[in-house]
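The values are calculated or read from the model by the stated rules, or taken from the named source; none is laboratory data. Computed from a predicted model, the values in this text were never measured in an experiment. Counting neighbours? That spans all protein chains shown, and the Cβs are built from the backbone with ideal geometry, glycine included.
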Amino acid sequence: MRQLLVFAERDDAEEVAETLAEWFPGLGVPAVVRETLAGEDDAEDAQWLVVLEGLDGKHLPQVDALVEERDGWRESG
C-alpha cells in the first residue's frame with residue numbers, strides 16, 4: 001500500500017525519510033518529492049511528500065508518531 005507523508009518543510013521530510021530508511025532497511029530510502037498541483041503557479045507553498053511503498057500496516061502507528069513529531073500527517077495514496 002502506498003503512503004504519503006506530508007510536511008511543510010523540506011528538512012522535516014528529508015529527516016523522516018532518513019529515519020524510516022534506518023528503521024525499515026528493506027524499504028530502501030523513501031522518495032522525497034515536492035507536491036505539485038495542476039495550475040498552481042506558486043511552488044513556495046507546496047508541501048513536501050515522503051512516498052512510502054510496501055510498508056507493513058502494523059508499523060503505521062510508529063510512522064504516524066514520527067510524522068506528528070514534525071507537524072506532518074499521513075495520507076493513503
>> Suppose the filter is in contact with a Leu (Cβ under 6 Å, 6 or more places away or on another chain) and at pLDDT 90 or above; does L66 pass it?
In response: no
> What's the number of the condition L4 fails, among (1) at pLDDT 85 or above; (2) surrounded by fewer than 16 Cβ atoms within 10 Å (Cβ to Cβ); (3) of a type outside the set (S, T, N, Q)?
Replying inline: (2)
> Considering the stretch 7-52 alone, what residues qualify as being modelled with pLDDT of 90 or more, in a loop (DSSP other than H, G, I, E, B) and in contact with a Phe, Trp or Tyr (Cβ under 8 Å, 6 or more places away or on another chain)?
Replying inline: A8, E9, Q47
